[in-house]
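First the structure, then my questions, so here it is.
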Amino acid sequence: MRDIPRWILLVLHYAVFAALIGFFSTRPVYRQLGPDLALIKLSFGHAGMHKEDCHKLTPEELAKLAANMRQPVSCKRERVPLLVELELDGEVILRQSLPPSGIAGDGESTIYHRIEVPAGQHDLTARLRDSRREEGFDYESAARVELAPEQNYVIDFRAESGGFIFP
Amino acid sequence: MRRAARILFELIDRWSERVFTPELNPLVQLGALVWYCYWIVIVSGIYLYIFFDTGITRAYASVEYLTNVQWYAGGVMRSLHRYASDAMIPVVTLHMAREFVMDRYRGARWFAWGTGVVLLWFLYASGITGYWVVWDRLAQYVAVATTEWFDALGIFGKPIARNFLNEAAVSGRFFTLMSFIHIAAPLLLLFGMWIHIQRHVQPRVNPPVKLAAGILATLTALSLIHPATSQGPANLDIVPASIGLDWFYLIILPLADRYSGELAWAVALGFSLLIFLLPWLPALKQTPVAQVDLENCNGCGRCANDCPYNAITLQNRTDGKPYKLQSSVNPGLCLSCGICVGACHAASPFRREPQFIAGIELPDTPAAGLRDSIVLASSGLHGDIRILLFNCAAGPDLSSLDDPELAVIALPCIGMLPPSMVDFAIINNHADGVFLTGCRDNDCKYRHGIRWMQERIQRRREPFLREIVPRERIDQYWAGASDLAGLTLRLSAFKRRLRAMPIDNPKTDHA
């Protein structure tokens, strides 16, 4: 009988331990996106144009090379960075230069960008420059979209499909 | 600051001992409890895996089947799997905090500390990948947030978060890879836990049965009252805006997605590096390590058996003496606790030489010096009774005890006291009683000092205390750094008992 208070305390201690484990395993609830917001993800991988055109070697240049290295055309591997721009309801919300990947700068340029926007109707315009031009863009697409709250709206880009893809 | 924290820990300990009993105090079983939770996770995980479908399209349904249809077995197992994993985080955190506060992480102990820090990463990898495989809304958040966090490292050619861009992009193969990692990471964790305790002799990896039963009953009750459930099927076209997060494992992900992946990496890596380097901030100023004296070592092996840190090994004799083995100290593992001296038969004060040398000695605290301390301390005692109190360096501060009937002799660890010294003090009438104190029971700074000492007195561990030594003249109270009041009370009671005893000590001539 003398042990009853100790047993009660013991059970209480175990209960507190269980309560702490049980509570923090799911609470407090985390809200990663506000109510009435949608998420736009702009993400793609695309290789820009080579920085320089291939050029045909002259007989003198070829002669300087080892016999087994005499390719008639020389092509530099390095690619230009892409320039991507996203416009939401007439306002540019993203303008970013995407360097090519790889040590030699000859790989794809990639982007993975999240933008939280209010749910509802929006006008989206995406532009991409992948050439050596100094001004303007090589691809441009626009769409009017209706975004539901909590919608994950992904804008992709595939050159073979003609450019930006708005679902 | 550390002393205040230590006293706080000891106060909580005392409360916990009252509730759980000293033997079942979970706060001195934290390492063993981590192992125990790990085994609960493994056993429940094996059961779940029998029914789990690793394909991305069927994973959610298989977990739902376990949770709802087979709630009495699979559901309980799922919850146990979750809650035992969760319990590991606070228990590990307390384990590390305790070792830090008790200053049990520096010197040769850096190894256990450092491997423990590395194990944290394996623990988190095991936990985080576990949330992927359910493939519910929480899994979706974890998958996206984790891959985005890893993309912040900038080491992948293409962002790996693209694997979870939308429903059309999700890759079953990537999902299967995560299922595989969720099995591989805990196995690596187990291997790491084994390495973690390699420098410990008789590591405590199993909690007492009653405590283990209590923890299992608690987690089972929690599983039945508040079962772990899924949060709806994953749908990558919809953002899981609001989710019930497991804050034990996933706390880093909100930091990464709300602020930046780079910041989350800086926090995770910076914190890990900081705690990894703690043993050298500052480094321990260690006293000289134990040294073997071959003239007095007969290779009996007791010191090697008793060393809590595997710092002593036996090797073939090198000095031509007619013994097969000799002890050898690895200075890199020795913590200068002196427990080996307490185990050495040659550390006997009954030896004839005035400056005798034991088979193994701590250079700063030689056995002959300990005998001299007993004689000197005894000569300074005045009163009806005389008590020699042996205190370890991690024990209470006794400077406030002003008692002419009491003399204090300090040792690095109580386990350093050879039983023959207690014998010498009582039988040779240097004291009417011997009192032992130091760290709290079950929480010896050098792991086994108190236990070995007690077993030597009880003649369960060599070297034995001779039967002739009256045990009623020996008392002990493990006060830790804070319980001076309890120690004083126990001492008073000991004095009363000694006063009631016959005054003629069984003095024996050992000369």
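Does residue B:356 satisfy the condition of being modelled with pLDDT under 95 and under 24 Å from residue B:449 (Cβ atoms)?
On the way: modelled with pLDDT under 95: yes; under 24 Å from residue B:449 (Cβ atoms): yes.
Judged against the criteria, residue B:356 is a match.
Name every residue in the stretch A:134-167 that is of a type outside the set (A, V, I, L, M, F, W, C) and within 11 Å of chain B (Cβ to nearest Cβ), in order of residue number. Before the answer, list the steps.
Initially, the stretch A:134-167 is screened for residues of a type outside the set (A, V, I, L, M, F, W, C), giving A:134-136, A:138-141, A:144, A:146, A:149-153, A:156, A:158, A:160-163, A:167.
Passing the criteria: A:149, A:150, A:151, A:152, A:153, A:156, A:167.
So, one more: If you check residue A:63 against the conditions, is it modelled with pLDDT of 95 or more and either assigned to a strand (DSSP E or B) or aliphatic (A, V, I, L, M) (or both)?
Values: modelled with pLDDT of 95 or more: no; either assigned to a strand (DSSP E or B) or aliphatic (A, V, I, L, M) (or both): yes.
No: the conditions fail for residue A:63.
Another one. Could you list, in sequence order, all residues of the stretch A:121-130 that are surrounded by 13 or more Cβ atoms within 10 Å (Cβ to Cβ) and among the polar types (S, T, N, Q)?
A:125
Step by step: first the residues of the stretch B:374-391, then only those that are in contact (Cβ under 8 Å) with a residue 60 or more places away in the chain and in a loop (DSSP other than H, G, I, E, B), then the one that is farthest from the chain's Cα centre (by Cα). Which residue is that? So that I can check it myself, show each step before the final result.
From the stretch B:374-391, those in contact (Cβ under 8 Å) with a residue 60 or more places away in the chain are B:384-385, B:387, B:389; that's our starting set.
Of the ones still in play, those that are also in a loop (DSSP other than H, G, I, E, B) are B:384-385.
On the way: B:384: 43, B:385: 39 Å.
Among them, the one singled out is B:384.
Take the residues in the stretch A:17-41 that are closer than 29 Å to residue A:167 by Cα and not in a loop (DSSP other than H, G, I, E, B); name whichever of them is farthest from the other protein chains (Cβ to nearest Cβ).
So in the stretch A:17-41, the residues closer than 29 Å to residue A:167 by Cα come out as A:30-41.
Adding the requirement that they be not in a loop (DSSP other than H, G, I, E, B) leaves A:30-31, A:37-41.
Working: A:30: 4, A:31: 5, A:37: 8, A:38: 8, A:39: 5, A:40: 11, A:41: 6 Å.
Among those residues, the one meeting the criterion is A:40.
Now for a different question. Against the condition outside any strand (DSSP E or B), among the polar types (S, T, N, Q) and more than 14 Å from chain B (Cβ to nearest Cβ), how does residue A:131 come out, does it pass?
On the way: outside any strand (DSSP E or B): yes; among the polar types (S, T, N, Q): yes; more than 14 Å from chain B (Cβ to nearest Cβ): yes.
Judged against the criteria, residue A:131 is a match.
Considering the stretch A:140-158 alone, what residues qualify as being within 13 Å of residue A:38 (Cβ to Cβ) and crowded, with 17+ Cβ neighbours inside 10 Å?
A:145, A:147, A:150, A:151, A:152, A:153, A:154, A:155
May I pose another question? What number of residues within the stretch B:148-159 satisfy the criterion of being touching a strand residue (DSSP E or B) at 6+ places or on another chain (Cβ under 9 Å) and either buried (at least 21 other Cβ atoms within 10 Å of the Cβ) or touching a residue at least 12 places away in the same chain (Cβ under 8 Å) (or both)?
3
Return the residue satisfying two criteria in turn: it lies in the stretch B:83-112 and is hydroxyl-bearing (Ser, Thr, Tyr) and touching a residue at least 60 places away in the same chain (Cβ under 8 Å), and of such residues it is farthest from residue B:276 (Cα to Cα). Break it down stepwise before answering.
Quick first cut of the stretch B:83-112, residues hydroxyl-bearing (Ser, Thr, Tyr) only: B:83, B:85, B:93, B:105.
Subsequent filtering for residues that are touching a residue at least 60 places away in the same chain (Cβ under 8 Å) retains B:83, B:85, B:105.
Working: B:83: 27, B:85: 23, B:105: 10 Å.
Restricting to residues being hydroxyl-bearing (Ser, Thr, Tyr) and touching a residue at least 60 places away in the same chain (Cβ under 8 Å), the top hit is B:83.
Within the stretch B:186-200, does at least one residue satisfy the condition of being among the basic types (Lys, Arg) and part of a loop (DSSP other than H, G, I, E, B)? Spell out the reasoning first.
If we filter the stretch B:186-200 for residues that are among the basic types (Lys, Arg), which is where we start, we get B:199.
From what is left, the residues that are part of a loop (DSSP other than H, G, I, E, B) are B:199.
The answer is yes; a qualifying residue exists.
Additional query: Restricting attention to the stretch A:42-51, report how many residues are facing chain B (nearest Cβ under 8 Å) and of a type outside the set (S, T, N, Q).
Looking only at the stretch A:42-51, we keep the residues that are facing chain B (nearest Cβ under 8 Å), and these are A:43, A:45.
Subsequent filtering for residues that are of a type outside the set (S, T, N, Q) retains A:45.
Looking only at that region, the number is 1.
For the stretch B:322-343, what are the residues that are in contact with a Cys (Cβ under 6 Å, 6 or more places away or on another chain), in contact (Cβ under 8 Å) with a residue 60 or more places away in the chain and over 13 Å from residue B:365 (Cβ atoms)?
B:343, the sole residue that qualifies.
To continue, here is another question. Among (1) over 29 Å from residue B:285 (Cα atoms); (2) among the β-branched types (Val, Ile, Thr); (3) modelled with pLDDT of 95 or more, which single condition is residue B:312 missing?
Evaluating residue B:312 over (1) over 29 Å from residue B:285 (Cα atoms); (2) among the β-branched types (Val, Ile, Thr); (3) modelled with pLDDT of 95 or more leaves (1) as the failure.
When residue B:284 is evaluated against the numbered criteria (1) closer than 28 Å to residue B:464 by Cβ; (2) buried (at least 16 other Cβ atoms within 10 Å of the Cβ), which criterion, by number, is the only one it fails?
(1)
Just give me the residues in the stretch B:1-21 being away from chain A (no Cβ under 13 Å) and not β-branched (Val, Ile, Thr), in sequence order. Walk me through how you get there before you give the answer.
Taking the stretch B:1-21 and keeping what is away from chain A (no Cβ under 13 Å), we get B:1-11, B:13-14.
Result: B:1, B:2, B:3, B:4, B:5, B:6, B:8, B:9, B:10, B:11, B:13, B:14.
For the stretch A:73-120: of the residues being within 12 Å of chain B (Cβ to nearest Cβ) and exposed (fewer than 15 other Cβ atoms within 10 Å of the Cβ), which is farthest from residue A:59 (Cα to Cα)?
A:116
Still on this structure, please answer the following. Could you please give the count of residues in the stretch B:219-240 that are more than 8 Å from chain A (Cβ to nearest Cβ) and either modelled with pLDDT under 95 or surrounded by 15 or more Cβ atoms within 10 Å (Cβ to Cβ) (or both)?
10
Residues are listed down the side, and each one gets a yes or a no for (1) β-branched (Val, Ile, Thr); (2) more than 9 Å from chain A (Cβ to nearest Cβ); (3) assigned to a helix (DSSP H, G or I); (4) surrounded by fewer than 19 Cβ atoms within 10 Å (Cβ to Cβ):
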position: B:180; (1), (2), (3), (4): no, yes, yes, yes
position: B:202; (1), (2), (3), (4): no, yes, no, yes
position: B:210; (1), (2), (3), (4): no, yes, yes, yes
position: B:213; (1), (2), (3), (4): no, yes, yes, yes
position: B:217; (1), (2), (3), (4): no, no, yes, yes
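OK, next. Which is assigned to a helix (DSSP H, G or I) and free of Cβ contacts under 8 Å to residues at least 12 places away in the same chain, of B:263, B:278, B:253? Step through it out loud before you land on a result.
Values: B:278 fails: free of Cβ contacts under 8 Å to residues at least 12 places away in the same chain; B:253 fails: free of Cβ contacts under 8 Å to residues at least 12 places away in the same chain.
Checking each option against the conditions leaves just B:263.
Considering each of B:305, B:298, B:310 in turn, give the residue that is surrounded by fewer than 18 Cβ atoms within 10 Å (Cβ to Cβ), in the same structural domain as residue B:444 (by TED's automatic domain parsing) and in a loop (DSSP other than H, G, I, E, B). If you could, list the steps in order and put the result at the bottom.
Values: B:305 fails: in a loop (DSSP other than H, G, I, E, B); B:298 fails: surrounded by fewer than 18 Cβ atoms within 10 Å (Cβ to Cβ).
Result: B:310 is the single residue among B:305, B:298, B:310 that is surrounded by fewer than 18 Cβ atoms within 10 Å (Cβ to Cβ), in the same structural domain as residue B:444 (by TED's automatic domain parsing) and in a loop (DSSP other than H, G, I, E, B).
Please go through the stretch B:145-177 and pick out each residue that is farther than 13 Å from residue B:262 by Cα and part of a loop (DSSP other than H, G, I, E, B).
Matches in the stretch B:145-177: B:156, B:157, B:158, B:159, B:165, B:166, B:167, B:168, B:169, B:170, B:171.
Within the stretch B:446-486, work out how many residues are part of a strand (DSSP E or B) and of a type in the set (Phe, Trp, Tyr).
Here the count works out to 1.
Could I ask something else about it? Please verify whether residue B:394 is buried (at least 19 other Cβ atoms within 10 Å of the Cβ), in the same structural domain as residue B:480 (by TED's automatic domain parsing) and part of a loop (DSSP other than H, G, I, E, B), treating the condition exactly as stated.
Numbers: buried (at least 19 other Cβ atoms within 10 Å of the Cβ): yes; in the same structural domain as residue B:480 (by TED's automatic domain parsing): yes; part of a loop (DSSP other than H, G, I, E, B): yes.
The answer is yes for residue B:394.
Something else: Identify the residue in the stretch B:322-343 that is assigned to a loop (DSSP other than H, G, I, E, B) and in contact with a helix residue (DSSP H, G or I) (Cβ under 6 Å, 6 or more places away or on another chain) and, among all such residues, is nearest to residue B:411 (Cα to Cα).
So in the stretch B:322-343, the residues assigned to a loop (DSSP other than H, G, I, E, B) come out as B:322-324, B:330-338.
Okay, now just the ones that are also in contact with a helix residue (DSSP H, G or I) (Cβ under 6 Å, 6 or more places away or on another chain), so B:333, B:335, B:338.
Details: B:333: 20, B:335: 14, B:338: 8 Å.
So the residue we want is B:338.
The values are calculated or read from the model by the stated rules, or taken from the named source; none is laboratory data. Keep in mind the model is a prediction, meaning the values are calculated, not measured. No Cβ is skipped: glycine too gets one built from the backbone with ideal geometry, and neighbour counts run over all protein chains shown.
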